[in-house]
Amino acid sequence: MALSFPLTGALASKPIDSKIDRLNKDGYEYVTTAGDGTIYFAKRKRRISDTVLIDLVEIDSPSSDGLVESIQVYNCIDKTYKFDGKWKPILAKTIGTNLFNFACS
């Protein structure tokens, strides 16, 4: 399940470069850039057995304005992620593969 929540006004109002600097200072790591230009940063939040929660930040997504922040949940043994309350397989050759590899490495 992806949980989205609004960013603080301070982070949301800054130019992209300063947002990226702030993410770096907060411990986020660059994961990948999608074909549509969306940039993904993530930070491992917690690992419980085979399940990993990451904080995910998307920047410059054509489908949103500015930054989108969410929590993603991955099962490292089953190679699945939680979406809408159900475990879904990680599809090959997608951004999900990069995010899964980051979460479970």
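The values are calculated or read from the model by the stated rules, or taken from the named source; none is laboratory data. It should be emphasised that the depicted structure is a prediction, and the values quoted were computed from it without experimental measurement. Note: ideal-geometry Cβ built from the backbone for every residue, glycine included; neighbour counts use all protein chains shown. The area values use the complete protein model at the heavy-atom level, side chains included, leaving out ligands, DNA and RNA. Shrake-Rupley method; radii C 1.70, N 1.55, O 1.52, S 1.80 Å.
Using beta carbons and a limit of 6 Å, which pairs, at least six apart or on different chains, have the first residue in the stretch 25-44 and outside any strand (DSSP E or B) and the second one open to solvent by less than 20 Å² (accessible area, probe 1.4 Å)?
TYR28/PHE41; THR38/SER61
Looking for whichever is open to solvent by 60 Å² or more (accessible area, probe 1.4 Å), more than 29 Å from SER18 (Cβ to Cβ) and touching a helix residue (DSSP H, G or I) at 6+ places or on another chain (Cβ under 7 Å) here; the options are TYR74, TYR81. Which one fits?
Numbers: TYR74 fails: open to solvent by 60 Å² or more (accessible area, probe 1.4 Å).
That would be TYR81, the only listed residue that is open to solvent by 60 Å² or more (accessible area, probe 1.4 Å), more than 29 Å from SER18 (Cβ to Cβ) and touching a helix residue (DSSP H, G or I) at 6+ places or on another chain (Cβ under 7 Å).
Among the residues in the stretch 13-34, are any crowded, with 18+ Cβ neighbours inside 10 Å, modelled with pLDDT under 85, touching a helix residue (DSSP H, G or I) at 6+ places or on another chain (Cβ under 7 Å) and among the basic types (Lys, Arg)?
Yes, there is a match, as at least one residue in the stretch 13-34 is crowded, with 18+ Cβ neighbours inside 10 Å, modelled with pLDDT under 85, touching a helix residue (DSSP H, G or I) at 6+ places or on another chain (Cβ under 7 Å) and among the basic types (Lys, Arg).
Select from the stretch 45-63 the residues that are open to solvent by 30 Å² or more (accessible area, probe 1.4 Å) and touching a Ser or Thr at 6+ places or on another chain (Cβ under 9 Å) and list them in ascending order. Walk me through how you get there before you give the answer.
From the stretch 45-63, those open to solvent by 30 Å² or more (accessible area, probe 1.4 Å) are 45-51, 53, 58, 60, 62-63; that's our starting set.
Scanning the stretch 45-63 gives GLU58, ASP60, PRO62, SER63.
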